[in-house]
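Worksheet for the structure shown next.
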Amino acid sequence: MEIVVLDNNSTDGTAEILGKARDGRIRVERNKTTLPLADNWNAAVESARGDLIKLLCADDLISPDCIERQASILSDDSDVALVACRVDMIDDAGRAVRRDRGLRGLTGRRPSREVIRKVVRSGGNPLGPPAAVMFRRRDFDAVGGFDGDFTFPMELELWTRLLRTGSFVGDPATLASFRVSSTSITSTLGMRTQMSEHHEFVQRLAANRHWRIPRGDLAVASINSRTMQVRRTALQLRARATAHR
């Protein structure tokens, strides 16, 4: 296992902290300029030399056995393109605001089309953030990596493209924590922008004949996307409130 830490041209003391790391598994890289989110994530993956990739954002967490469990699934079955786990939602202080989220109806091995239909109907991201997911480097390269056309559903858009290359496994264990920070990029996007981006993302999936999305799924998506946005907003407000206690 290698741990590639990509410093996105930070000015907050990160470089000094990383300079003190004394672990042979850690390799520190630094961008010469501050890259946009998609470019930075792509650069992190491109810096890695392993066959299996897990992208962990700076404010999220994984359990000690997360990598071992997910790597075992991918190593044991070459037809699996994507593996994900459930996550806890935590606030700025690391306190759980919601536990065991994600993968509703998606645990175990699932064919890609079934997963895509669940994604469309959910109105959100049932597969989880980068901290929840592991994939193969070869598949990442084959589909072109993260696409900067979206900000809010950017990782989910990549997960759906990766599912063109193989099946999905949902691990029912909670192995990661996603931080609902009051200063994160997702939190600072307005509700209208989030809904607009998600709508465009779903329309692109529906237009892809490979997935054969029924019209009824789009009707369900329209209803659930509004419900999910209300839940996201409530979660962000709750996280902000607990952060000031």
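The values are calculated or read from the model by the stated rules, or taken from the named source; none is laboratory data. Predicted, not measured: the structure shown is a model, and the values here were computed from it. Counting neighbours? That spans all protein chains shown, and the Cβs are built from the backbone with ideal geometry, glycine included. Areas reflect the complete protein model, heavy atoms only, side chains present, ligands, DNA and RNA absent. Shrake-Rupley method; radii C 1.70, N 1.55, O 1.52, S 1.80 Å.
In this calculation the C-beta distance from residue 99 to residue 218 is compared with R0 = 35 Å, giving a FRET efficiency of 0.70. Across the chain, the convex hull enclosing all Cα atoms gives 129 Å³ per residue.
Relative contact order for the chain using alpha-carbon pairs under 8 Å, separation at least 6, rounded to a whole percent? Relative contact order, the chain: 24 percent. Only helices enter the 222 nm calculation for the chain: every DSSP H run of n ≥ 4 contributes -39,500 (n - 2.57), and dividing by all residues gives -13000 deg cm²/dmol, rounded to 500.
Distances between placed amide hydrogens fall under 5 Å for residue 28 paired with 5, all partners being 5 or more residues away or on another chain. Compared with the direct C-alpha span, the chain from residue 151 to residue 35 gains 40.4 nm at full extension, assuming 0.36 nm per residue. Could you pull out which residues in region 101-145 have an amide N less than 13 Å from a spot 7 Å beyond the Cα of residue 164, following the Cα-Cβ vector? Zone members listed by number: 139-145.
What is the gain in length, in nm to one decimal, between residue 141 and residue 207 on full extension, counting 0.36 nm per residue of separation less the C-alpha to C-alpha distance? My answer for the length gained is 21.5 nm. Backbone geometry of region 73-87 corresponds, through the Karplus equation with coefficients 6.51, -1.76 and 1.60 at θ = phi - 60°, to 3J(HN,Hα) couplings of 4, 5, 5, 7, 9, 5, 7, 8, 9, 8, 10, 9, 10, 7, 9 Hz, x marking Gly and Pro. Along the axis of the charge dipole computed for the chain (Cβ charges of +1 for Lys and Arg, -1 for Asp and Glu, origin at the Cα centre), the listed residues 45, 196, 14 are led at the positive end by 196. Accessible surface for the chain, divided over its residues, is 52 Å² per residue with a 1.4 Å probe.
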